[in-house]
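What follows is one structure encoded as structure tokens, with my remarks underneath.
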Amino acid sequence: MPAIPPLRLGVNVDHVATLRNARGGRVPDPVRAALLAIEAGADGITAHLREDRRHIRDDDMARLKAEISKPLNFEMAATAEMLQIALATKPHAACLVPERRTEVTTEGGLDVVGQCDALGPFIARLGDAGIRVSLFIAADPAQIEMAAKLKSPVIEIHVGAWCDAVAEGQKPKAEAEWQRIVAGAKLAQSAGLEVHAGHGLDYVTAETISALPQIVELNIGHFMMGEAMFVGLPQTVRDMRAAMDRGRKSLRGHR
Ligand code: PXP
């Protein structure tokens, strides 16, 4: 049986900036959160520079790149403006996400099939600059196959619908979404893609999904920042790490 790869925890610090921006000024500082998260065991930091700069700002992204010792994952829309900023920032990775001004959060996956002509050169530009590209997509076979065809090295599966169904106790929906994720992760790995997952994860869903050996990175933000308000960020990172380790050990629902 092949060895189970380690599972990385990427901590998304967007909502530290959301809180800062609610008042203006400099606190709380997302870079301080990133440094604390790394000290507590995070394997990387994710930040999303949205077109409207509602949370992370240009200066935050530059400071994150300059100050953190672990990989920076730059979440971005596939626009000319973001491409220039990413090329100048040179993060370890860039995760391409769909973005709509009116949405509260990233509501769905990127339509890689519909936008393949525009995304191909975009992925190539980032890749040529040494930035590891990830496409944030639904666990949909057509999207996964197109991501492989466009030579994206990584996909991140949008698991938000599954997390919502679990949280709301909608068992049949949660099971159907889970089966899509399991099948999608297997398909992606067999197509040569590295597989990440994110959106809406909490301790329960992170533990469950950690049992999928195809998945090597989870990116988690909102739940962790909420927990951090009550128990502190270092404790939250340690608790999330423990949930992931429990899931990885049990390895249920796969093979
Ligand atoms: N991964 C991606 C690509 C995202 O867009 C987001 C949300 O910004 C996350 C992970 C983290 O989602 P959440 O904040 O719900 O944990």
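So here's what we get for this one:
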read-out	value
Count of the stretch 135-168 residues which are away from the ligand (no atom under 14 Å from the Cβ), touching a helix residue (DSSP H, G or I) at 6+ places or on another chain (Cβ under 7 Å) and among the hydrophobic types (A, V, I, L, M, F, W, C)	4
Any chance GLY200 is of a type outside the set (S, T, N, Q), outside any helix (DSSP H, G or I), open to solvent by 10 Å² or more (accessible area, probe 1.4 Å) and free of Cβ contacts under 8 Å to residues at least 24 places away in the same chain	no
Residue match in the stretch 186-204 (condition: among the hydrophobic types (A, V, I, L, M, F, W, C), more than 17 Å from ALA138 (Cα to Cα), at pLDDT 95 or above and within 16 Å of the ligand (Cβ to nearest atom))	yes
Failed condition for LYS249, given (1) farther than 30 Å from ASP117 by Cβ; (2) at pLDDT 95 or above; (3) not in a loop (DSSP other than H, G, I, E, B)	(2)
Conditions (1) over 29 Å from VAL16 (Cα atoms); (2) free of Cβ contacts under 8 Å to residues at least 24 places away in the same chain; number of the one not met by LEU212	(2)
Counted residues, the stretch 124-169 - those being open to solvent by 60 Å² or more (accessible area, probe 1.4 Å) and in a strand (DSSP E or B)	1
Of all residues making up the stretch 9-29, the number that are within 13 Å of the ligand (Cβ to nearest atom) and not β-branched (Val, Ile, Thr)	6
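The values are calculated or read from the model by the stated rules, or taken from the named source; none is laboratory data. Quick caveat, the model's predicted, so the values are computed rather than measured. Cβ coordinates were reconstructed from backbone atoms using ideal geometry, including for glycine residues, and neighbour counts include every protein chain displayed. Protein only, heavy atoms only, side chains kept; ligands, DNA and RNA dropped before computing areas. Shrake-Rupley method; radii C 1.70, N 1.55, O 1.52, S 1.80 Å.
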